[in-house]
Amino acid sequence: VLARVFGQGRTSRLYERLVKKEKSALFAGAFPEFPGNKYPSLFIVFAIPNSGHTPDEIEKVGWEEIKRLQDDLIDADELARVKTEARAEFFRGIESNSGLAGQLAAFETLRGGWEELFKEVGRIEAVTREDVQAMTRKYLQRQNATIGAMVTEERRAETGAQGK
């Protein structure tokens, strides 16, 4: 739910601000469980700066949006929308025989048993505004962050950035 609020889809906070409102990015998003979900993993936040904008600008906005999630409870309507999206994605994932089989196998392997699949909608529904805030405070911290930017050699020379 946190990933959806913050950076998944065109209605997420990051996309709305960077792409739609400020037009400083061509795309922005976030997703949990990188590179996979079996072992502890990363929460990835990424953006493609628009012409005339820098990775530093994008990073600053990202931290501002994280701070908003840490300091303020999300709106009840925003939470309801995100839960609807999460439920819809879940149901789309099990609407075919192969999708259902894949999800049953994934829940058996990763979530403690295939039966857990049938509890997923309840888990989505149980998420509260306070849960989103608590998870943001716990996991989205500067001391936990690794930040990188891919820039051209020309841009690196212009800004004096280190590395390749």
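The values are calculated or read from the model by the stated rules, or taken from the named source; none is laboratory data. Note that this is a predicted model, so its numbers are computed, not measured. Note: accessible area is taken over every heavy atom of the protein model, side chains too, but ligands, DNA and RNA are not part of it. Shrake-Rupley method; radii C 1.70, N 1.55, O 1.52, S 1.80 Å.
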What accessible surface, in Å², does a 1.4 Å probe find on MET135, ignoring ligands, DNA and RNA and rounding to the nearest 10?
80
Accessible area of LYS38 in the full protein assembly, 1.4 Å probe (Å², nearest 10)
120
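Considering only protein heavy atoms, with the full assembly of protein chains and a 1.4 angstrom probe, order THR109, THR11 by accessible area, largest first.
Descending accessible area places them as THR109, THR11.
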When the accessible area of the chain is computed with all protein chains present and a 1.4 Å probe, what percentage of it is carbon and sulfur?
54
Measure out, as a whole number of angstrom, how far apart the alpha-carbon centroids of the stretch 107-155 and the stretch 19-50 sit.
12
In Å², what does the accessible area per residue of the stretch 1-112 work out to with a 1.4 Å probe?
59
Over the stretch 1-101, how many pairs of lysines fall under 26 Å by alpha carbon, counting only those 8 or more apart in sequence or from different chains?
10
Accessible area, 1.4 Å probe, largest first: how do PHE46, PHE118, PHE90 sort?
PHE118, PHE46, PHE90
Sorted list, accessible surface of protein heavy atoms, 1.4 Å probe, largest first, for VAL127, VAL45, VAL5 is VAL45, VAL127, VAL5
